[in-house]
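See below for the structure under consideration.
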Amino acid sequence: LLIDIKMVYKVKTLTTNLKNENLINPMGIVIQKTNTVSRCPEIWVTNNGSNTVSHFDLNGHVLNPTNINTANLPPTGIVYNSTSGFLVSDGVQTPLPSTLIAATQDGHIIAWNNAINSNTFYSVYTADVGTVYTGLEIYGGLIYATDFGGDGKVDVIDSTWTLQTGFS
């Protein structure tokens, strides 16, 4: 039995630095499959070179909030949180579940919820010195953060921002 499978890819440029000056060294991307307001999928991109996260529709049009500050921390991986855990607060308002969670190149996990502050991520977890988070995944109420630093491991963090057992 011979099966001829042809893969066809179509490249679609979503944006350039000319349209969004913050899209510098984009490292992570997540698609929020259904926004509760617009009911349309949205794309969030971490911009390691400008310490921001940009927000687009699937056609590359910039959405509001446009560029969210990552507290001057260089973001890498990003995930969308659909759970009731992983609370974030600005220290004044009642904590709310994070909408987006990102890892940073200098070992922080940062979180954002539009109702807390539409323009800023907040640091919610800080790893040991030398940790370089480059990837992030959320599954089963846990965050898995890959450490490209000296230890070469995966940190596992629970929904209260507490380090659990990691692995290497």
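Result for the chain in a Gaussian network model with C-alpha springs under 10 Å: among GLY130, GLY107, GLY91, the largest mean-square fluctuation is at GLY91. Taking only the C-alpha atoms of the chain, Rg followed by Dmax gives 16.9, 66 Å. On the chain, 56 percent of the accessible area sits on carbon and sulfur atoms, based on a 1.4 Å probe. Rolling a 1.4 angstrom probe over the protein heavy atoms with all chains in place gives the stretch 25-106 an accessible area of 45 Å² per residue. Charge tally around ASP147: other residues with Cβ under 15 Å, Lys/Arg +1 each, Asp/Glu -1 each, net -4.
With the cut-off at under 18 Å, measuring from each backbone N in the stretch 37-70 to a point 7 Å along the Cα-to-Cβ line of ILE31 picks out 37-46, 54-63. For the residues SER54, SER82, SER123, a GNM of the chain with alpha-carbon springs under 10 Å puts the largest fluctuation on SER82. Placing unit charges on each Cβ (+1 for Lys and Arg, -1 for Asp and Glu) gives the chain a dipole about its Cα centre, and among PHE121, GLY107, GLY150 the Cα reaching farthest toward its positive end belongs to PHE121. Seen from ILE157, the other residues with C-beta closer than 12 Å to its C-beta sum to a net charge of -4, counting Lys and Arg as +1 and Asp and Glu as -1. Short-range pairs are left out: with C-alpha atoms under 8 Å and at least six residues apart, the relative contact order of the stretch 111-168 is 22 percent.
Working from label points 7 Å from Cα in the Cα-to-Cβ sense, the ASN64 to THR160 distance is 3.8 nm.
Ordering PRO74, LEU63, VAL92 by the projection of their Cα atoms onto the charge dipole of the chain, which places +1 on the Cβ of Lys and Arg and -1 on the Cβ of Asp and Glu, puts LEU63 at the extreme positive end.
Shown is the FRET efficiency for THR83 and LYS153, computed with R0 = 25 Å from the Cβ-Cβ distance and rounded to the nearest 0.05: 0.55.
The values are calculated or read from the model by the stated rules, or taken from the named source; none is laboratory data. Values in this document were obtained by computation on a predicted structure and should not be read as measured data. As a convention, Cβ positions derive from the backbone with ideal geometry for all residues, glycine included, and neighbour counts pool all protein chains shown. Ligands, DNA and RNA are excluded from the accessible area calculation, which covers all protein heavy atoms including side chains. Shrake-Rupley method; radii C 1.70, N 1.55, O 1.52, S 1.80 Å.
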